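Down below is the structure, laid out as structure tokens.
The values are calculated or read from the model by the stated rules, or taken from the named source; none is laboratory data. Since the structure is predicted, the reported quantities are computational estimates derived from the model, not experimental observations. Cβ sites come from the backbone with ideal geometry, for glycine too, and all protein chains shown count toward neighbours.
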2 protein chains.
Amino acid sequence: MSVRIRIDLSYDGTGFSGWAAQPGRRTVEDVLAQALERVLRLAEAPRLTVAGRTDAGVHARGQVAHADVPADPWEAGAGAALRRLARALPPDVRVHRIGPAPDGFDARFSALWRRYSYRVCDDPAAADPLRRHDTLWHPRGLDLAAMNSAAAGLVGEHDFATFCRRRDDATTVRALRRLDWHRDAAGVAVACVVADAFCHNMVRALVGALLPVGEGSRPPGWPSALLTAAVRDPAVRVVPPHGLCLEEVRYPEPGQLARRAALTRQVRE
Amino acid sequence: MSVRIRIDLSYDGTGFSGWAAQPGRRTVEDVLAQALERVLRLAEAPRLTVAGRTDAGVHARGQVAHADVPADPWEAGAGAALRRLARALPPDVRVHRIGPAPDGFDARFSALWRRYSYRVCDDPAAADPLRRHDTLWHPRGLDLAAMNSAAAGLVGEHDFATFCRRRDDATTVRALRRLDWHRDAAGVAVACVVADAFCHNMVRALVGALLPVGEGSRPPGWPSALLTAAVRDPAVRVVPPHGLCLEEVRYPEPGQLARRAALTRQVRE
């Protein structure tokens with residue numbers, strides 16, 4: 001008998017070749033699976049399913065994964081698992097919560113939406129060297145009002161092919177629920193980006209289309225005009241990964257989990 | 001003719017052997033002086049005076065320094081200095097402000113007080129791997145109320161010899177204005193420590209005396225009892241440098257700067 005466990009975690013993406021296991025590379029998936037194997041004394045590393053398959057260098061503060069593990073070692077190890085994981089994991093990965101998942105839970109397919117942040121510092125007076133690992137330095141000042149005006153034209157359900165690495169077998173239609181910028185207490189420009197799901201490179205391409213608007217080299221209507229063109233435009237620069245962080249994954253109430261997962265699979269596959 | 005300039009800066013202490021120049025070591029003082037020499041096109045690196053001579057590994061978000069530089073190159077380079085410093089400095093040092101200092105200003109001796117923070121995470125659910133460079137991980141939960149009760153007994157003007165590395169020629173009497181703990185929005189325990197000035201290792205020794213109180217292995221009266229003993233106590237562990245950050249240096253109104261500097265010199269020397 002096996003039990004499905006939900007794992008909430010965060011990581012500094014700097015030292016990882018992204019989430020997904022790749023031979024010969026240090027990935028979050030491998031590091032976490034090996035730590036779970038050790039801490040729960042499993043016969044082998046569990047297979048993990050994740051809400052957001054982050055790319056190399058991308059961070060996460062609210063990543064969610066699930067694994068199906070044999071019930072006996074889980075029952076034996078559950079109580080001490082969180083503290084033991086804190087010792088077993090390297091300091092660039094922290095598990096915040098680990099416990100049995102509700103019926104029908106699937107870390108990937110049950111999710112309603114994902115929220116990412118992207119941090120850009122455009123002001124020497126606001127630059128914090130302690131945050132340089134998760135903040136893009138931009139040498140010219142940004143007009144956030146212009147960027148928000150441009151961003152408003154991107155929100156909604158669209159074919160985001162312009163902002164995605166094209167894969168033949170998959171739709172690039174996504175529902176972008178929120179895309180806006182604010183300055184945090186220190187003066188850093190922070191994008192909040194929420195969608196049901198994202199295609200590959202999408203957040204970094206959206207940010208890359210908004211920065212030229214912020215510095216005045218493109219008009220606020222430019223990003224939504226690109227969207228209409230519906231093909232990848234080389235004028236859109238994909239910004240570096242280190243400003244990007246998966247902040248939150250939202251799931252429906254327990255009773256709705258299985259239905260949501262079935263619906264997502266149907267749309268996505 | 002020379003002009004005194006004030007420089008406000010921050011740095012990630014991880015890669016530095018502290019502030020003060022030392023032969024063969026990478027220090028903030030050397031890196032900043034060399035960048036100023038280049039950016040202002042000076043004949044030699046300027047001598048710097050700093051508010052807080054931070055130790056190896058200690059960070060700063062609100063460090064203040066001054067330098068006396070020849071008036072001509074300063075006049076020529078002042079306008080572009082901030083942006084040029086952003087390019088000339090390595091990413092672990094950022095200058096936030098640079099400009100002429102008011103009459104009587106001395107970064108070290110005019111200061112009224114220094115404020116430091118010390119960050120401790122005692123909860124796996126609150127651990128943020130992106131902040132591990134400036135946050136101490138503490139594997140046992142801390143009772144902040146007990147630590148604040150203990151801290152209250154340390155505030156005031158005392159001989160802090162117990163919490164200082166003794167130097168024969170200098171007083172260890174300091175006015176500790178504030179020492180208290182709170183949890184930030186993420187749940188991290190943060191100490192706020194304010195004093196007119198600090199002797200060597202003082203903040204890290206104060207924190208080291210409070211952590212055993214927080215975990216219940218010493219009573220809240222222990223740190224102030226140590227203070228009364230007035231000698232360095234080996235039971236006080238000096239906590240690691242990476243949780244410590246110089247957050248702010250406060251100066252009096254411009255008219256009071258010279259008087260404050262004269263007063264400080266008289267007391268300190």
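Quick notes
- Checked against (1) assigned to a strand (DSSP E or B); (2) surrounded by fewer than 21 Cβ atoms within 10 Å (Cβ to Cβ); (3) more than 14 Å from every other protein chain (Cβ to nearest Cβ); (4) not hydroxyl-bearing (Ser, Thr, Tyr), A:Ala76 passes all but condition (1).
- Residue check, A:Arg183 among the basic types (Lys, Arg) and touching a strand residue (DSSP E or B) at 6+ places or on another chain (Cβ under 8 Å): yes
- Unique match (being away from every other protein chain (no Cβ under 14 Å), modelled with pLDDT of 95 or more and not in a loop (DSSP other than H, G, I, E, B)) among A:Ala65, A:Ala45: A:Ala65
- Residues that are buried (at least 19 other Cβ atoms within 10 Å of the Cβ) and assigned to a loop (DSSP other than H, G, I, E, B), drawn from region B:165-195: B:Thr172, B:Val188
- Matching residues, region A:191-208, being modelled with pLDDT of 95 or more and out of contact with any Phe, Trp or Tyr (no Cβ under 7 Å at 6 or more places or on another chain): A:Cys192, A:Arg204, A:Gly208
- Only one of the numbered conditions (1) surrounded by 18 or more Cβ atoms within 10 Å (Cβ to Cβ); (2) within 14 Å of another protein chain (Cβ to nearest Cβ); (3) assigned to a strand (DSSP E or B) is violated by B:His133, and that is (3).
- The residue that is nearest to the other protein chains (Cβ to nearest Cβ), among those in region B:87-121 that are surrounded by fewer than 21 Cβ atoms within 10 Å (Cβ to Cβ) and of a type in the set (A, V, I, L, M), is B:Ala88.
- Residues that are small (Gly, Ala, Ser) and either without any contact (Cβ under 8 Å) to a residue 40 or more places away in the chain or within 14 Å of chain B (Cβ to nearest Cβ) (or both) within region A:136-174 comprise A:Gly141, A:Ala145, A:Ala152, A:Gly156, listed in sequence order.
- Count - residues of region B:9-26 that are surrounded by fewer than 20 Cβ atoms within 10 Å (Cβ to Cβ) and under 22 Å from B:Ser117 (Cβ atoms): 5
- In region A:196-214, the residues that are closer than 14 Å to A:Thr54 by Cα and in a helix (DSSP H, G or I) form Cβ pairs under 6 Å with partners that are at pLDDT 95 or above and not hydrophobic (A, V, I, L, M, F, W, C), at six or more places apart or across chains, as follows: A:Val203/A:Tyr116.
- The requirement of being under 22 Å from the mean Cα position of the chain (by Cα) and surrounded by fewer than 21 Cβ atoms within 10 Å (Cβ to Cβ) is satisfied by A:Thr49.
- Only listed residue being over 27 Å from A:Gly13 (Cα atoms) and in the same structural domain as A:Val236 (by TED's automatic domain parsing), chosen from A:Ala161, A:Ala145: A:Ala145
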